[in-house]
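The values are calculated or read from the model by the stated rules, or taken from the named source; none is laboratory data. Quick caveat, the model's predicted, so the values are computed rather than measured. Note: ideal-geometry Cβ built from the backbone for every residue, glycine included; neighbour counts use all protein chains shown.
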Amino acid sequence: MALTPVALGKVMRASAEGTEIPLSWGFLDRDGNATTDPRTALRGIIPAIGGYKGTGLSVMANVLAGVLSGGSHTGDVDVGKRGQFFLVLSPELFGDVDSFAEEIENMVQQIKASDLLPGIDEVYLPGEIEQRGYEERIGCAAIPYPRSVVDTLKTLAGDLGIDFVTEGGST
């Protein structure tokens, strides 16, 4: 999970696609000025969620996923240079598994029943949007890729002497 208002991958994608990023994402240039240019944002000040507490969480995420794992951290993070950290806990170590599941369901129901802000149709839980997207892609048996990814793959295939076939069989 990104501890920035939006995952850096989305900023990198905007850079590759040549599109702007919203000011609401809170990225700043090196001088502290708000920017919608993703290239400037990636070289500038990357915001953390939640002010100084979010910054503290971001530092700990860098320690666990970057330094501890032997991956890149802070300004060195880039495509293919990201570390990972996974913490796995068994609920049965803390009590009854059925009670745990019931409490999780209770928590989910309370969150989903939250009052909605104007213009918001639903409260999503972490990963819920991605799960729905996954189910949609499985249902239509297709994975949409941004033009920049397709172009990069096409160039790489050409460099390797591999035919690149797109949907419909065209090269």
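Checked against the criterion of being of a type in the set (F, W, Y) and modelled with pLDDT of 95 or more, the candidates F100, F86 yield just one match: F100.
Mind counting the residues in segment 73-86 that are of a type outside the set (A, V, I, L, M), exposed (fewer than 10 other Cβ atoms within 10 Å of the Cβ) and either part of a loop (DSSP other than H, G, I, E, B) or at positive phi (or both)? I'd like the intermediate steps shown before the answer.
Within segment 73-86, the subset of a type outside the set (A, V, I, L, M) is 73-76, 78, 80-86.
Filter once more, so that each one left must be exposed (fewer than 10 other Cβ atoms within 10 Å of the Cβ): 75, 80, 84, 86.
Cutting the leftovers down to either part of a loop (DSSP other than H, G, I, E, B) or at positive phi (or both) gives us 80, 84, 86.
Here the count works out to 3.
Residues are listed down the side, and each one gets a yes or a no for (1) modelled with pLDDT under 90; (2) not in a helix (DSSP H, G or I):
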| residue | (1), (2) |
| --- | --- |
| E20 | no, yes |
| D31 | no, yes |
| T36 | no, yes |
| A41 | no, no |
| I49 | yes, yes |
| Y52 | yes, no |
| S58 | yes, no |
| N62 | yes, no |
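Rundown of residues vs (1) more than 17 Å from the chain's Cα centre (by Cα); (2) more than 21 Å from S148 (Cβ to Cβ); (3) surrounded by 15 or more Cβ atoms within 10 Å (Cβ to Cβ); (4) β-branched (V, I, T), yes/no style:
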| site | (1), (2), (3), (4) |
| --- | --- |
| G9 | no, no, no, no |
| M12 | no, no, yes, no |
| T19 | yes, no, no, yes |
| L28 | yes, yes, yes, no |
| N33 | yes, yes, no, no |
| P38 | no, no, yes, no |
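Looking across E105, E136, E122, one residue alone is among the acidic types (D, E) and within 30 Å of G18 (Cα to Cα). It is E136. Among the residues making up segment 91-142, those that are within 20 Å of the chain's Cα centre (by Cα) and either surrounded by 11 or more Cβ atoms within 10 Å (Cβ to Cβ) or of a type in the set (S, T, Y) (or both) are V123, Y124, L125, E128, I129, Q131, R132, G133, Y134, E136, R137. Among the numbered criteria (1) over 15 Å from the mean Cα position of the chain (by Cα); (2) of a type in the set (S, T, Y); (3) surrounded by 14 or more Cβ atoms within 10 Å (Cβ to Cβ), which single criterion is violated by S24? Looking at each condition in turn, S24 falls short on (3).
The residue that is modelled with the lowest pLDDT, among those in segment 64-83 that are touching a helix residue (DSSP H, G or I) at 6+ places or on another chain (Cβ under 8 Å) and of a type in the set (S, T, N, Q), is T74.
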